[in-house]
Structure formats: C-alpha cells, structure tokens
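Colleague: The structure is given below, and queries will be raised subsequently.
The values are calculated or read from the model by the stated rules, or taken from the named source; none is laboratory data. Computed from a predicted model, the values in this text were never measured in an experiment. Using ideal geometry, Cβ is built from the backbone for each residue, glycine included, and neighbour counts are taken over all protein chains shown.
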Ligand SMILES: Nc1ncnc2c1ncn2[C@@H]1O[C@H](COP(=O)(O)OP(=O)(O)OP(=O)(O)O)[C@@H](O)[C@H]1O
Ligand SMILES: [Mg+2]
C-alpha cells in the first residue's frame, strides 16, 4: 500500500517568501499524524497543496499514491478537510450544505441525505440541521466543519486546528470522535497549537518551521530528547548548590530546593540521592519532572506557542465573521 501522504522536496513560494521550503513528509495509512509548528510555519499551505487549493511551486506530493495535480479528482475524493478558516455557504440550512457537498463528490441524492443526517448526528448538531451556518455558535461551526469533512466518508481526514477557541467539553468530544474514526481505519492529519492535544492523540508528530521539517518522531521519542529535572528538598538547606557528578547538566537552588537537570530522571535519582547523603544532607522531598513536549517544541523552534495560542484564539473569536485567510496581524 502506498502511504496516505508522501511529499518530496515540496516547495511553495509567494514572491520571495518560501512558505514551503523543500518539505519532506510521509504519513502511513492508518496513522494519526500531527503537524506542529508556529504561526506561519507552512502547515495550512501544506494542506492546501494536498487538496488542490494551492498550486505548488516545485517538488512532489502524493495522496494514496495519486499525484495531487495529475490525479486531482481522485485525491480530492479521498480527503475530508475541516479547514482552519470557516468557508461555509451561509445562506442554506446546514443539512443542505452537507448534501450538496456529498453530491459534489458524486454521491447520489438519497444517499447524500442519509449521510448528511448521519454526520450531523455523529458530531452532535443534528437538532440544528435546518439552521443556517451564521446562526450557529463558534463551537457548533467547528462541529459542522467536521461533519462536512465526514460526509464523504474519507480515507484521509485532515483537521486544520479543529479545536482553536472551543471549550473544554467540545475539545474532549472532538478528541473522542477523531480517535474513534482513526480506530475505524481513517488516516488523520491534525494541526494544532495545543501541544498537549498532539501528545494525547498522535502516533507521530512532525515539527515544522519556516516551511521545513525539523523533526519527526513519536511524542515519547521527542520528549526523550529533552532533559528531566530532579527537584529535592534538603536538610540543612545548602548555601550554594553542591557539586555533583557528570550526570548533572546543571543545577540551581530555588526556594530552598535544589533542581538538577539530568537526561533520565528516574535512572539518575538514586545516584543523586546517594551523592547528596554522602555530602551530609538529608533528603526530605523529591520530585521528578519530565520535559514536556511543549518545552521540546520551544527548544526546537525557538518559539513559545503558548502565547500564540491564547491571542490567536481570542482574536479569532472577535474576527470570526470577517475571517478570510491567514492570521490576524500582530499575533507574533
Ligand atoms: N496567499 C498567500 N499569499 C502570500 N503569502 C501567503 C499566502 N498564503 C500563505 N502565505 C504565507 O505563507 C506562510 C505560511 O503560511 P501558513 O498559513 O501555511 O502557515 P501556518 O503554519 O498554517 O500558520 P498558522 O499556525 O498561523 O495557521 C506565511 O508566511 C504566510 O503569510
Ligand atoms: Mg494554518
């Protein structure tokens, strides 16, 4: 079986700007794959090349072995996309929007109606089926985008920031639903600024920055690349940080605790305790904390996504009706 997505040296230029700069990615069939990167990294551009909304400047892109340009139709029929920006016809009841979408992909009207109902039920807005898009709340709009992506029963589901600005309950609902779909065999490509979400859902994640791939691995593997912190409370409190073995990459005294950075906290902790006891300290408390995926992300991209997430979500809710493409300005 060919991979669900395979790109080589993928490039997209807007004048001097390289939105995609030789991006190479492979997503296997059946995978739950995360695409992480700061604002402007090229995630949406990558997705738009796959679905034919953006024409690549160079390189190769295939979906289930089909070239995204030469076999456009087949590629488009295989993908269900829930886009980052709302792009739904505002004048029709949402059920009709879905029926129309299914029809566009060659599904006969009767079946299209059945599928529309099924998709609306699955995302939990069936009771809103006769309402227009504009009348839905922000969270319901996100649900509708997902329903529209599902109505064609896609082999590849692409979710571009599906949980931006949605409440905790809906986020959990969406997680459960996409996990279910993935278990049923749907390949999922997800972009998100909630690193915790990627960590929870994805088999593998790619971190991209400035149109290039920086890393691809399981969330676990990525976290292992970071360091752990072993934090101990000592009696008596030392005046300066005690000298330690070469396993310590650094240490700091703060609030009466000694924080020591090591590669593998649980493996090193016993040695650390022995060394401190040999120096005459009694250990009254111990905590080991692992590097979070978020910290690894910041290390790799040099960007703190947390601030980005907050302001993007806020501004998006203010700008919902005028949102065309791209991000509100000044968000980093
Ligand atoms: N139509 C366009 N014309 C000019 N530049 C564009 C266009 N579309 C995207 N870009 C630029 O390409 C770069 C990548 O944008 P893209 O939307 O792919 O980023 P992203 O990773 O999806 O970011 P975000 O996390 O903010 O959604 C950005 O610098 C953006 O300004
Ligand atoms: Mg984007």
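Colleague: Looking at (1) surrounded by fewer than 18 Cβ atoms within 10 Å (Cβ to Cβ); (2) touching a residue at least 40 places away in the same chain (Cβ under 8 Å), can you tell me which one residue 164 breaks?
Modeller: With respect to (1) surrounded by fewer than 18 Cβ atoms within 10 Å (Cβ to Cβ); (2) touching a residue at least 40 places away in the same chain (Cβ under 8 Å), residue 164 is out only on (1).
Conditions tested, residue by residue: (1) under 26 Å from residue 191 (Cβ atoms); (2) touching a strand residue (DSSP E or B) at 6+ places or on another chain (Cβ under 8 Å); (3) crowded, with 16+ Cβ neighbours inside 10 Å.
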| position | (1), (2), (3) |
| --- | --- |
| 97 | yes, no, yes |
| 102 | yes, no, yes |
| 106 | no, no, no |
| 114 | no, no, no |
| 119 | yes, no, yes |
| 122 | yes, no, yes |
| 132 | no, yes, yes |
| 136 | yes, no, yes |
| 139 | yes, no, yes |
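Colleague: So which residues in the stretch 190-246 are within 16 Å of ligand 2 (Cβ to nearest atom), surrounded by 20 or more Cβ atoms within 10 Å (Cβ to Cβ) and in a helix (DSSP H, G or I)?
Modeller: 195, 198
Colleague: Considering only residues that are within 16 Å of ligand 2 (Cβ to nearest atom) and surrounded by 23 or more Cβ atoms within 10 Å (Cβ to Cβ), which ones fall in the stretch 150-160?
Modeller: The initial filter retains those residues of the stretch 150-160 that are within 16 Å of ligand 2 (Cβ to nearest atom), namely 158-160.
Result: 158, 159.
Colleague: Quick check, is residue 145 within 16 Å of ligand 2 (Cβ to nearest atom) and touching a residue at least 24 places away in the same chain (Cβ under 8 Å)?
Modeller: On the way: within 16 Å of ligand 2 (Cβ to nearest atom): yes; touching a residue at least 24 places away in the same chain (Cβ under 8 Å): yes.
Yes.
Colleague: Follow-up question, since we're still on this one. Which residue out of 42, 34 is within 14 Å of residue 190 (Cα to Cα), touching a helix residue (DSSP H, G or I) at 6+ places or on another chain (Cβ under 6 Å), touching a residue at least 12 places away in the same chain (Cβ under 8 Å) and within 16 Å of ligand 2 (Cβ to nearest atom)? Walk me through how you get there before you give the answer.
Modeller: Values: 42 fails: touching a helix residue (DSSP H, G or I) at 6+ places or on another chain (Cβ under 6 Å).
Only one candidate passes the filter, namely 34.
Colleague: Moving to a separate point now. Somewhere in the stretch 80-95, is a residue surrounded by 15 or more Cβ atoms within 10 Å (Cβ to Cβ), closer than 20 Å to residue 185 by Cα and free of Cβ contacts under 8 Å to residues at least 24 places away in the same chain?
Modeller: no
Colleague: For residue 48, which of the numbered conditions (1) away from ligand 2 (no atom under 14 Å from the Cβ); (2) free of Cβ contacts under 8 Å to residues at least 24 places away in the same chain; (3) surrounded by 17 or more Cβ atoms within 10 Å (Cβ to Cβ) fails to hold?
Modeller: Status for residue 48: all satisfied but (1).
Colleague: Does the stretch 271-292 contain any residue that is part of a strand (DSSP E or B), buried (at least 17 other Cβ atoms within 10 Å of the Cβ) and out of contact with any helix residue (DSSP H, G or I) (no Cβ under 6 Å at 6 or more places or on another chain)?
Modeller: Scanning the stretch 271-292, I find no residue that is part of a strand (DSSP E or B), buried (at least 17 other Cβ atoms within 10 Å of the Cβ) and out of contact with any helix residue (DSSP H, G or I) (no Cβ under 6 Å at 6 or more places or on another chain), so the answer is no.
Colleague: Is at least one residue of the stretch 73-85 more than 20 Å from residue 149 (Cβ to Cβ) and assigned by TED's automatic domain parsing to the domain that holds residue 127? Please lay out each step first, then the result.
Modeller: Applying the first criterion (more than 20 Å from residue 149 (Cβ to Cβ)) to the stretch 73-85 yields none.
No, the stretch 73-85 contains no residue that is more than 20 Å from residue 149 (Cβ to Cβ) and assigned by TED's automatic domain parsing to the domain that holds residue 127.
Yes/no matrix, rows are residues, columns are (1) modelled with pLDDT of 90 or more; (2) farther than 23 Å from residue 195 by Cα:
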position	(1), (2)
224	no, no
254	no, yes
272	yes, yes
276	yes, yes
280	yes, yes
295	no, no
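Colleague: Looking only at the stretch 136-165, filter to residues that are outside any helix (DSSP H, G or I) and within 16 Å of ligand 1 (Cβ to nearest atom); which one of those is farthest from residue 31 (Cα to Cα)?
Modeller: Residues of the stretch 136-165 that are outside any helix (DSSP H, G or I), as a first pass: 136-137, 151-165.
Among the residues that remain, those that are also within 16 Å of ligand 1 (Cβ to nearest atom) are: 158-165.
Numbers: 158: 12, 159: 14, 160: 16, 161: 18, 162: 18, 163: 20, 164: 22, 165: 25 Å.
This residue is 165.
Colleague: Going through the stretch 28-62 one residue at a time, which ones are under 18 Å from residue 207 (Cα atoms), more than 7 Å from ligand 1 (Cβ to nearest atom) and assigned to a loop (DSSP other than H, G, I, E, B)?
Modeller: 28, 31
Colleague: (1) modelled with pLDDT of 95 or more; (2) closer than 26 Å to residue 203 by Cα: which one isn't true of residue 85, the others all being true?
Modeller: Residue 85 satisfies all of (1) modelled with pLDDT of 95 or more; (2) closer than 26 Å to residue 203 by Cα except (1).
Colleague: If you go through the stretch 171-180 one residue at a time, how many are surrounded by fewer than 20 Cβ atoms within 10 Å (Cβ to Cβ) and either more than 15 Å from the chain's Cα centre (by Cα) or more than 26 Å from residue 298 (Cα to Cα) (or both)?
Modeller: 5
Colleague: Moving on. Any chance the stretch 226-238 includes a residue that's touching a helix residue (DSSP H, G or I) at 6+ places or on another chain (Cβ under 6 Å) and under 30 Å from residue 22 (Cβ atoms)?
Modeller: So far as the stretch 226-238 goes, yes, one or more of its residues are touching a helix residue (DSSP H, G or I) at 6+ places or on another chain (Cβ under 6 Å) and under 30 Å from residue 22 (Cβ atoms).
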